[in-house]
Every structure is written in structure tokens, then in C-alpha cells.
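Each value in this text was obtained by applying a stated rule to the coordinates, not by laboratory testing. In this text, all values refer to a predicted model and were calculated from it rather than measured experimentally. Reconstructed Cβ throughout: ideal geometry from the backbone, glycine too, with neighbour counts over all protein chains shown.
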Amino acid sequence: MITTKPERDLEDALVSKLKDLKYEYRPDIRDRATLEKNFREKFESLNRVTLTDSEFQRLTDEIVTPDAFAAARTLRERNSFIRDDGTPLNYTLVNIKDWCKNSFEVVNQLRINTDNSHHRYDVVLLINGVPVVQIELKTLGVSPRRAMEQIVEYKNDPGNGYTKTILCFLQIFIVSNRDRTFYFANNNARHFAFNAEERFLPVYEFADVDNKKIVHLDSFAETFLVKCTLGQTISRYMVLVASEQKLLMMRPYQVYAVKAIVDSIAQDCGNGYVWHTTGSGKTLTSFKASTLLKDNPDIEKCLFVVDRKDLDRQTREEFNKFQEGCVEENTNTASLVRRLLSDDYADKVIVCTIQKLGLALDENSKRNKQQKKDGKKSFKEQLEPLRDKRIAFIFDECHRSQFGENHKAIKEFFPRAQLFGFTGTPIFDQNAAQQKIEDTQASMKTTEDLFQQRLHTYTITHAIEDGNVLRFHIDYFKPQGKTLPRPGEPLAKKAVIEAILAKHDQATGQRRFNALLATSSINDAIEYYDLFKTMQAEKLGVDPGFQPLNIVCVFSPPSQLAETPEAKKDIEQLSEDLEHEREDNKVDPEKKKEALKAILTDYNVQYGTNHKIGEFDLYYQDVQKRIKDQQWPHSDLKKAYPNQPHHKIDITIVVDMLLTGFDSKFLNTLYVDKNLKHHGLIQAFSRTNRVLNATKPYGNILDFRQQQSAVDTAIALFSGEAAAEKAREIWLVDKAPVVIQKLESAVLKLDTFMKSQGLDCAPEAVPNLKGDAARAAFIEHFKEVQRLKTQLDQYTDLTLENAVAIEQVLPRDDLLGFRGAYLETAQRLRAQQGKGADKPAQEADQLDFEFVLFASAVIDYDYIMGLIARYSEASPGKQKMSREELIGLIQSDAKFMDEREEIAAYINTLKAGEGLSEKAIRDGYRRFKAEKNAAELASIAGKHGLVKEALQSFVDTILQRMIFDGEALTDLMEPLGLNWKARRVKELDLMADLMPLLLKRAGGREISGLSAYEQ
């Protein structure tokens, strides 16, 4: 990394600032030897030991690892090492009991030379001699994702310092151009994907307790890099997710909420609630609060209380994902009481439902009566020793079930308890409902009434501005005709279904995502389900090409008709917070049960399952899993579940279920035929606005009840400090005509740029751009065009005039042509990024290609093979798509970036009207590829004097095992009879030719051990 003068000035200023913050500046540490010497001195001092040279060498060999997750564990734990004389040494790398008491040092221009890597690092922070933070400084506008991609590229360099030296202990990367500063956690490469999937961990900007951004490097250093704060960030506010082997950083607002709870307990100053919007990661915040309380000796127990059995399960799974085995299952009230009374450290944090807790504290519950009948102490009597202990209760959603007797019972039985609640939608006076308690009228209860004080606020307005959740596109559906229905008035269900069938593909990005349909009653849900079946069957009868939507329906069964007491209890728990469903099931329950049985029968046929109404919870879990399975391509699901006829769900019809507490990034649309208001409206809308990537620009709401007034009221109520009009601008996307104008402006800028290069604004002119700087500018211009087009593609309220305007601004053929040119140019520049001699211009090196914008959900391998077959079957002149159009379609999709040349070449070998079946096309393409691959290998074998079959076997073995075997390479070279020096040169020459071929055939998967030969 070459450092320019402005970057060097920035670096000097930062080092000076860190010295002011009492970091010790170490100008003597400039290379690996001095870094390790310093680490050794600090290690020996901390652990009161003097190591021999051989012991220190063995120690570094043991602790240095390419696995970022394993290194993070070693940094935080007490470890063991066997000394030369056989005695064990228990050691830590840093003072893990009090991170503030470690030494903090800053080094700059550190150069690490390893096998094939010669990187220089701008600024590195050391805690007790261990490198924990790397700061990269830039002078130009930096894309945070590109900065992250660059660091991942450095990490993937063969023999790099991140994997071969104590730099493996880096926890945080910081990137700044002085005016904007970003940071993110170190992780293994598999958590950073820069392809058409684009799955990677978040990049953060720091903020203060009121969520005001702290982005200038000086201000950032004065807050985030204060020695003790940095120590706490690494030790307390990073989470190691064992199940996924990844490091998570808590966001600033999560940290402030946890600190507020911990401080409140330390000062024993009453209850409190945290207003963090839906989708902001409340589970992680509450998990961290719970685990920090686990080490607080003043607290006897910490109970994390949820109010439904499914949430109990979900929360336990989430907690155990963050830390393996940290929460056990409470199978019944007796096991909850046993764990409450246990002194075992593992039982200090307990996740339980409000119902189990309520049963334990209710003298009149069946279980307590049974205990007494059996001559045993009631659960409440057993819990008596805890009455005067300090217990912390954390409620996952503080405005639900504990608004009643359970809340009161907890307060009465545990007078020293402190209660903390999380909510995304607090209850204010405006949206409080009167609560009936034991048939007597209670006064209105707000969140503040119950929890006394608000500890921290992070509203949906904050979250949208931060990019942590998406904005909403709301289409208030207007049926044809002059008279509009009044707000809240339902439309005919057939009209609603016609509208959904017409708009669903557009709303969901051609079924890349899925949807919920919220209905106002169980009877409505049943009627919708039956109507969808009938109307789709009719459409299929008229048009065999119609692709029916996969429709499922969930509502709770009537508990009074449950087949066993256990099933009855499960249903009651599940439906306790499902107000409409509970009331609905009191009327004509038999009919509803029969309807649900019929729905389950259809589901079992559709998905190859065997669900029964007596085990409704398993069906409900399966539906949730399938909604989330939307993320996987059809081909992957077919391979994983070959015996299931279908896999995905397009629309789930619901009444109350799934409208709160359910998260899926692949759910983007909510159809609303139900009157919603206040927190219910926000909770329901928020099912759609989880962030995925650029293919999901917003959450889509299609409202069939004209509820604009209710939406405006809810925005005003839950926008926090922001004024209602300002909040509307933040929450809602621009109207279609505004986005079309922006598209027109973006196309005009592209046109002006192309003309400035002496070229027409046409796809065929792009290859004539001269120089990487010009190519980079084209990438930036057209990416903005595609981003706006993607946004418009999912608008469900485009008029005919809108569609015509879009086509005039950017004709479809031009769009596909430019997409193809973009991918070709991007592929060329990406191959050069960070590659030494061929390195592109600085502008090109900073590019973030966002290939995800150029990958269609519809166009996959199966779809293309089907198109090619139809091209082959049609007689010349009768094809729906010409050979050129077919090739253009493939070349415009990022998924085929590495295969587009082969597919295009194969299509060119076919004749229209040849009449080949899809199977023949697939087999033909496989043969074509195999012959092309064999010819490539034969050419390489001939060039290097190798036996063709031996080289083929060598390559096949690598691709089967996804492991590069150096010994097999030596065996391959053996017949050439070369001395070791000549053989090494020959091996490198061969691998230079084989590398592109191996990487291409690996299809993006990593071949272990191959990186040593990357140039």
C-alpha cells in the first residue's frame, strides 16, 4: 500500500492524536522482528515468566492461525502451553480481567514480509503488544464496502501477515478519509462475499448516545479509541457467534442500551425500558445485557422473559447461537423452579415464558394445587428463599402479556426485583388500550407506567437513516371505477386476488422474495385461501403457461377442540397474544378446525410433508422455515430435498400470526386487507423491511383498505423526536414520477459522459472507452442507472404512462446491452484490482461493482436451458427470441459472468428448428463444455511437455477434493527429470496457466492451499 503525502500527513495527525490519548508511540516497531520482540516482552511481563527462544517460537507457532475466529477466542481466554521442561504454563495474551490495565501502543508504517506478501500497514494499535486494530487511511472518497473488499483481498494474499503472524489477532478494521470513518470486525473470508449473492457483515459508523454520527477521524479517535473504551469494545461489546464461527460487533445504540441497564442495576435505581425499533437487533442487545449480568455478584438471577412458546424457542436458539449451551430448555414449570433455586453458574441466566413464571407464582394454578395435594410445597413456597434477593427481569417485548396480572405478581413476590423491557413500539397515552384484569376494569397502561423510565431510544427513523432497516413503498390500491371505498372498508376478495396476481411478480422482484397477506379474521383467511385455489385453477385452465403462486395459510386452531391436554396448553400459549384469532375461535370452532385440516392436507401434498393438526406447532415452524428458505436457489433446494415436490412459499395468508416477532430478509411484501393502527401497523409493516442487499431497495406494502390516515398517525407517533413531515420523507420512498425523473437524469449523465469520450451513448460503444479511469467512470454512471431501474421494477403502482416514460428513457434492448457491457468491463477491472503490475487507475481500484444488481431471480441455469430448447424447437423465423437476443440476455446477468462465453459459443453451434429437447440441450452443453475443457487442458499439457491424461487426473482430483496437493504436483513433474531448481520454475509456469482454469471451474468455491500460487 503506497502512502501518498496527504495520506502521510493524515497518518502523522492521527498518531499525534493517539499520543494525546496516552497511547505510547513506538517508532522503533517497523517490521515483524520488532513487533514480535515487543510482544514477547509484554507477554513475559504479564505472565511473570521468562521463555527460552525455542519456547517462544513454539508459542507463536501454536497461537498464530489463519482462522480469525479461533484467534479471537485465544485473545479472550486463559490458555495453556507446555514448556520445554514439561511443566504447563497457563497464560493470557492480555489482562482479560481488567482490559484498561493493559499497555496501549501505536505503531505506523509497519511492514510485514512473509512468504509472498509485502504489505505495509498505515497505523496499528497494540494492546499488551498484541495487534488488535488496523487503521487504513485514504485521501479520496472511499466506499466502505470497497475498503472492506480491499482488506479481504490483502487477507487472501498467499502467505499474508494476517494469517502467518500475530496480526491474526486483529479484531477491528478502521477505514477513514478523515471526513468519514467506518469500522468493521475482522472475520474469516467466507463471511465476506463480493459476488452476485453479496452476503457480508455490516460496516459501522460510530454515533453518540443520541445517535448523532461521529465520523470525523479526530472526533472518532477522541470517543471510540480512548484506551479504556477500546478495551471494553473488544472485551464486552463484540460477540463471538460459535455456531457461525464469526465475530459480531454491537452497534453503538446497542452498546448504550446495555450500559444503561448495567448502570441501572449497579446503582439499584429502579426499572426501565429500551425503545429500539423492530429489526434493530434487540435479541443481541438483551443477550449481551444478560451475559454481563451473569458476572455481577450483586444479582442472584437474570431472567429473560418472553411471552410465547415459539419466542421462547427462538430466543433460546438465538442465545445459544451467540454462546453455545448458554441457555437450557425449561421443559415445564418444575424445571424452571429447579433452575431458579440452583446455585449452578449455568443457571444464572434463564430464558422462560411469562406463562411458566406466572404459573409458578400463582397459588391457585393447577400445578400448585397438585403439589399441595401430593403433600409437597407449592412452587411459590419453594421460591420463598429468593423473595428478598436481587433478581433482574428482562422482557423481550415489554408491552405484551405482562401488562396484566403476571407483571403485578412478579413485583409483589420479588420486591427487590428490577424489571427491564425492550420494545420496538412503546405504548403511549395515544395508543394505550384499556386492559381487563380479572374482570375488573383497569386504567390505561403505558410503557412508562410499568417501567418508570426510558433508558435509551433508537427509533425506526434512526434505523432507516443508518441503513439498518429499509424504507417503505406504500401502494394504496384504488380499484377501477369512480367511487372509491371509504378508509377501512373492505373490497371484494376476488378484486383483491386479481390485483395480487397482477402485481405479485413485480412486487417481489419476479418471486425473488415472498409475501404475507394480512386478513381481518380467520373466516376471511379461509375464504381467501379457497378463492386463490379456485381462481388460479381457472387461470391455468385458460392459459397453460400461467405460473400459479404457492399459497399457504396459518392461523391458530381452536384450543377447546384440542385432542390432548398438552396440545390444548400449547395452543393457548401460542395464541395468548393473538387477540383476533382467540376471539374468532370462540365462534363455530368445529368449522374452523375442519378448514385448517383441509389446509394442512393441501400443504402435505404440495410440500411432501406429514403435518397433523394435533402437532400444529411443527406445521407453523415448517412454514416459517420455508419463508426463510426463499434465499436458496430452486436448484439447491431440489438437491437438498429431492423427494419434495415444492419448496418455496410465495404468499402466506395470516390473521395475527407472523405479524410480530418474525424476521426474514427474503420477505419484502405485505398485502393488507385488515384495519391496522398504531403499534400494530408498525409491527406488521416492519416484517418487510429487513436489509438484504441492493436487490431489495424497500419494504413493499400494498394496502387494500385506504389506510393512509392510519399510516400518517403511526409515523407521527413512532418517529421519536423527528417532525411528522420530516419522518414521512425518511420512512417512505419517493413516488414513481420522482424516481423516473432521477432515472432520466442518470441516463442523461451517462450520455454526457460517453459523448465526452467521443463516443455515442450505446452499449456497443463501451468497449471503445480508453483507459481504466474512463471504464471506472462508466461503471459508476451505469450502476446508478441500474439501481434506479431496480427500484422502479418493484413499484406496484406504476401507471401505463409511467411504464411508457421508463421505456422512452431507457429502452429494454439498450438496458440489456448496457448490462452486458457493464459486466464485461467490471470483470476486466475486477481481475486487475490489487494485482501489482496490471493494477488499474486509482479510480478503478476504488470501485464497488455490486454485481448483485445485475443478477436476475428468474434467469437461472434451468431457465436458460429451457429458453435454448425452445429456440432449437422453433422453426426459423418463428422463434420468440433470436439467437442474438438469447445471447444478450445471458450476457446481461451477473450469475453467468464466468460461463457466458461458453454458453454463447454453444448457442452458436445450434440451429433453429433442430428440434432438440431440453434434456438433449443440457446433455449437449455438458458435452460441449467437457470437450472445450479437455482441449484447454490438452493445450496446457502440450505446452509444458506433460502427459494429457496425467494432467487431467491431477486437475480432477483437485476439483473433487477442493484441496491443492503440492506432493501430487511434484509427482506430475517427476517424468520430466528436472533438478529441484528447474522443477520449481517449471511448476510456477504451469500453475500460472492452470490457476485461471481451476478458479473458474471451482465456481467461486475456495480451493484450500491454492492461494500460494496466486499472483
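Taking H as built 1.01 Å from N, whose amide H comes closer than 5 Å to the amide H of K246, not counting residues under 5 places away?
V241
With θ set to phi - 60°, apply the Karplus curve 6.51 cos²θ - 1.76 cosθ + 1.60 along segment 937-952 and write out the HN-Hα couplings as whole Hz, x wherever there is a Gly or Pro.
Values per residue, Gly and Pro as x: 5, 4, 5, 5, 4, x, 4, 9, x, 10, 6, 4, 5, 5, 5, 4 Hz.
Distance between the C-alpha centers of segment 499-547 and segment 243-310? Whole Å please.
With segment 499-547 and segment 243-310 each reduced to a Cα centre, they are spaced 41 Å.
Which of the peptides 41-47, 945-951 is most tightly packed, and how do the rest follow, going by the mean number of other Cβ atoms within 10 Å of each residue? Each step should come with its number before you reach the end.
Values: 41-47: 16.6, 945-951: 14.4.
Most protected by this proxy first, the peptides run 41-47, 945-951.
Could you rank the peptides 452-458, 49-55 by their average count of other C-beta atoms within 10 Å per residue, with the highest value first? Don't jump to the answer; show the numbers that get you there.
Details: 452-458: 19.4, 49-55: 12.6.
Packing proxy ranking, top to bottom: 452-458, 49-55.
Tell me, what is the FRET efficiency for S709 and T601 to the nearest 0.05, using R0 = 30 angstrom and their Cβ-Cβ distance as r? Spell out each step's value before the answer.
Values: r = 41 Å, r/R0 = 1.38.
My answer for the efficiency is 0.15.
Label points 7 Å out from Cα along the Cβ direction at Q560 and R48: separation in nm?
7.3
Taking loop as defined by DSSP and a crowding limit of 14 other beta carbons within 10 Å, which chymotrypsin sites (Phe, Trp or Tyr not before Pro) in segment 530-576 fit?
Values: sites: F532, F546, F555; in loops: F546, F555.
Listed in order of number, the matching sites are F546.
Apply the Karplus parameterisation 6.51 cos²θ - 1.76 cosθ + 1.60, with θ equal to phi minus 60°, to every residue of segment 550-558 and state each ³J(HN,Hα) to the nearest whole Hz, in sequence, with x for glycine and proline.
Values per residue, Gly and Pro as x: 7, 10, 10, 9, 10, 8, 6, x, x Hz.
Set the bar at 29 Å for Cα to Cα. Now go through K597/K648; K493/K586; K625/K726; K493/K568; K366/K597 and name every pair that lies beyond it.
Working: K597/K648 21 Å; K493/K586 24 Å; K625/K726 37 Å; K493/K568 32 Å; K366/K597 31 Å.
As for pairs spanning more than 29 Å Cα to Cα, those are K625/K726; K493/K568; K366/K597.
With a sphere of radius 14 Å drawn around the Cβ of T534, what net charge do the other residues whose Cβ falls strictly inside it have (Lys, Arg +1; Asp, Glu -1)? Working shown, then result.
On the way: positive: K493, K494, K533, K539; negative: E498, E527, D530, E538, D602.
Result for the neighbourhood of T534: -1.
Got a sec? How would H119, H276 order by Cβ neighbour count within 10 Å, fewest to most? Numbers along the way, then the final one.
Working: H119 17, H276 25.
Lowest to highest Cβ neighbour count: H119, H276.
Give, in nm to one decimal, the length gained when the segment between A495 and D965 is fully stretched (0.36 nm per residue of separation minus the Cα-Cα distance).
Values: separation 470, 0.36 × 470 = 169.20 nm, distance 6.34 nm.
Fully extending the segment from A495 to D965 adds 162.9 nm.
Calculate the spin-label point distance for K408 paired with K372, positioning each point 7 Å from the Cα along the beta-carbon direction, and give it in nanometres.
Modelled inter-label distance: 1.9 nm.
Would you mind pulling out the separation of the Cα centroids of segment 72-116 and segment 629-707, in Å?
The distance from the Cα centre of segment 72-116 to that of segment 629-707 comes to 46 Å.
Can you compute the FRET efficiency between R30 and E901 using 1/(1 + (r/R0)^6), with r the Cβ-Cβ distance and R0 = 45 Å? Round to the nearest 0.05. Numbers along the way, then the final one.
Working: r = 47 Å, r/R0 = 1.04.
Approximately 0.45, to the nearest 0.05.
For segment 78-130, which trypsin sites (Lys or Arg not before Pro) pass both filters: DSSP loop (anything but H, G, I, E, B) and at most 15 other C-beta atoms within 10 Å?
Details: sites: R78, R83, K97, K101, R111, R120; in loops: R78, R83, K97.
Listed in order of number, the matching sites are R78, R83, K97.
Can you tell me the order of 84-91, 174-181 when each peptide is scored by its average per-residue count of other Cβ atoms within 10 angstrom, highest first?
On the way: 84-91: 10.1, 174-181: 20.5.
Descending packing order for the listed peptides: 174-181, 84-91.
I need the Debye-formula profile for segment 929-1013: one equal scatterer per C-alpha, no solvent, reported as log10 I(q)/I(0) at q = 0.11, 0.13, 0.16 1/Å, two decimals.
For segment 929-1013 at q = 0.11, 0.13, 0.16 Å⁻¹, log10 I(q)/I(0) is -0.27, -0.38, -0.59.
Cut-off is 10 Å between beta-carbons; in what order do W275, W731, W632 appear when sorted fewest neighbours first? Don't skip to the end; give the middle numbers.
On the way: W275 22, W731 25, W632 15.
In increasing order of surrounding Cβ atoms, one gets W632, W275, W731.
What does the extension gain come out to for K19 and E583, with contour length at 0.36 nm per residue minus their alpha carbon separation? Mind showing how you got there, number by number?
Working: separation 564, 0.36 × 564 = 203.04 nm, distance 6.64 nm.
Full-extension gain reported as 196.4 nm.
Residue-wise, which Karplus ³J(HN,Hα) couplings in Hz belong to segment 406-420, taking 6.51 cos²θ - 1.76 cosθ + 1.60, θ = phi - 60°, and x for glycine or proline?
Taking θ as phi minus 60°, the curve returns 4, 4, 5, 4, 4, 4, 6, 7, 10, x, 9, 5, 10, 10, 10 Hz for segment 406-420.
Between Q480 and R927, what FRET efficiency follows from the Cβ-Cβ distance if R0 is 60 Å, with the result rounded to 0.05? If you can, show how the numbers build up before the last one.
Working: r = 53 Å, r/R0 = 0.89.
Efficiency for this residue pair is about 0.65.
When the chain is fully extended, how far beyond the present Cα-Cα distance does E729 get from L540, taking 0.36 nm per residue of separation?
Values: separation 189, 0.36 × 189 = 68.04 nm, distance 4.19 nm.
In short, 63.8 nm is gained.
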